[in-house]
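The values are calculated or read from the model by the stated rules, or taken from the named source; none is laboratory data. This structure is a prediction, so every number in the text was calculated from the model and none was measured. All Cβ positions, even for glycine, are placed from backbone atoms using ideal geometry, and neighbour counts span all protein chains on display.
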Amino acid sequence: MPIKNRFAELLPEITQWRRDLHENPEILFETHRTSALVAEKLRAFGCDEVVTGLGRTGVVGVIKGRVGTSGRTVGLRADMDALPIHEETGLDYASKTPGAMHACGHDGHTAMLLGAARYLSETRNFDGTCVVIFQPAEEGGGGGREMVEDGIMDRFGIDEVYGMHNWPGQPLGAFAIRPGPFFAATDQFELVIRGKGGHAAKPHEVIDPTVAASQVVLALQTIASRSTDPTKQIVVSVTSFVTSSTAYNVIPQAVTLRGTIRTLDADIRALAEHRLNRIADGLCAAMGATPELRMIYGYPVMVNADRETGYAADAARRVSGDCAEAPLVMGGEDFAYLLNERPGAYILVGNGDSAPVHHPAYNFNDEVIPAGCSWFAEMVESRLPIAS
């Protein structure tokens, strides 16, 4: 039976898994129920090995093909964690956990990889080993980094690794991918500008950090417009401007600026931090204020390997008939840590006309499941073919 037909048969059961996960979301590394459910199903499918507690609450399942002469191993990864958002979908299977919801479709990713694991355990129509990776804390916790630091690549002998994300606005079940830099590095900064506070009626007696901070906010826009090659992507956003005073007639002692820097190139990432420092130092010195900068480094640039991107696109075409060129994405994705360790690729699958991810009205479209499961399974069977 063709792969996609088998998943069409399994759709009601996989949908039930997905909706159960949606109803019981867990945030960051607190995916205890989710991880236990995943491990239980992998054991029931007959995986050769199931390991829990990797990257704190991650789960890995090992499925050996019916032929093992190639000695090669392909990894497939899905993220499991939800977001700290109050759900507003009105679904009968909406989140039962106040302040938490699957607003990014990780419930769908987990269900699709479970479906693929069931199929691969049943058929084992490949030569080598498949490792299914269920990761916590993609949403800002760096669960991918922690699983890598726990040694999953070497422990399970992974040679190449693949991942997938649903994409609202893209046609239902349609795939898109691009080689090279794909998702951005996401760094945060906190800049405290200290002056000398005083009465608003006597500005000549103070060093006003509000004026200095305002100049800095405007000047930071020149990092993109005047310091960076215009063919390179960079977004510098000041998202918070907080003073130490809330009174109408008090000039504050300090102002705190917070924001993000998003880049798709390591050199531009370094340049942006350098320019942030120089701009803050120079403008504050001119006004008598003192800056204190703290950088919070986020996920690195996620880079798809050229050859493996081709494999992933070919698999998508066999599943859906086409694979489009994906846009560059200035959001972050911690699959980057896995791709820093092994060649591989990350692909998008269309969620149709839905609310955007990270929105309280978002919901993963269950009709995507056969296409997503099929792509996972096709990656294993095409990368680990049995010789005729």
Failed item in (1) without any contact (Cβ under 8 Å) to a residue 60 or more places away in the chain; (2) farther than 20 Å from HIS204 by Cα; (3) crowded, with 18+ Cβ neighbours inside 10 Å, with ARG262 passing the rest:
(1)
Do any residues in segment 221-238 that are more than 11 Å from ARG262 (Cα to Cα) have Cβ atoms under 6 Å from those of residues that are small (Gly, Ala, Ser), where the two are at least six apart or on different chains, and which pairs are they?
ILE223/ALA272; VAL238/GLY259
Hits in segment 98-118 (condition: out of contact with any strand residue (DSSP E or B) (no Cβ under 8 Å at 6 or more places or on another chain), closer than 21 Å to PRO360 by Cα and buried (at least 24 other Cβ atoms within 10 Å of the Cβ))
ALA111
Could you name every one of the strands (runs of 3 or more DSSP E) located completely within segment 1-85 that has at least 2 residues being aromatic (Phe, Trp, Tyr) and assigned by TED's automatic domain parsing to the domain that holds GLN135?
none
Can you tell me which residue among ALA315, ALA345, ALA286, ALA280 is without any contact (Cβ under 8 Å) to a residue 40 or more places away in the chain and either touching a strand residue (DSSP E or B) at 6+ places or on another chain (Cβ under 6 Å) or over 26 Å from ALA137 (Cα atoms) (or both)?
ALA286
Does any residue of segment 319-333 turn out to be touching a helix residue (DSSP H, G or I) at 6+ places or on another chain (Cβ under 6 Å) and of a type in the set (A, V, I, L, M)?
yes
Within segment 185-242, which residues are within 29 Å of the chain's Cα centre (by Cα), under 18 Å from ASP281 (Cα atoms) and loosely packed, with under 14 Cβ neighbours inside 10 Å?
GLN221, THR222
Could you grab me the full set of residues in segment 1-57 that are loosely packed, with under 15 Cβ neighbours inside 10 Å, under 22 Å from THR97 (Cβ atoms) and acidic (Asp, Glu)?
GLU40
Working carefully through the options ARG66, ARG72, find the one that is within 25 Å of ALA336 (Cβ to Cβ) and either buried (at least 24 other Cβ atoms within 10 Å of the Cβ) or of a type in the set (Lys, Arg) (or both).
ARG72
Filter result (of a type in the set (Val, Ile, Thr) and part of a loop (DSSP other than H, G, I, E, B)) within segment 339-388
VAL357, ILE386
Single condition GLY128 does not satisfy, out of (1) closer than 30 Å to ALA212 by Cβ; (2) crowded, with 19+ Cβ neighbours inside 10 Å
(1)
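Let's see how each residue does on (1) modelled with pLDDT of 95 or more; (2) surrounded by fewer than 24 Cβ atoms within 10 Å (Cβ to Cβ); (3) over 18 Å from the mean Cα position of the chain (by Cα); (4) among the hydrophobic types (A, V, I, L, M, F, W, C):
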position	(1), (2), (3), (4)
GLU87	yes, no, yes, no
GLY90	yes, yes, yes, no
LYS96	yes, yes, yes, no
PRO136	yes, no, no, no
How many of the residues in segment 160-180 are over 20 Å from CYS373 (Cβ atoms) and either surrounded by 19 or more Cβ atoms within 10 Å (Cβ to Cβ) or without any contact (Cβ under 8 Å) to a residue 40 or more places away in the chain (or both)?
1
Out of all the residues in segment 290-308, is one or more in the same structural domain as GLY151 (by TED's automatic domain parsing), charged (D, E, K, R) and free of Cβ contacts under 8 Å to residues at least 60 places away in the same chain?
yes
Within 25 Å of VAL301 (Cβ to Cβ) and out of contact with any Pro (no Cβ under 9 Å at 6 or more places or on another chain) - does that describe any residue in segment 111-128?
yes
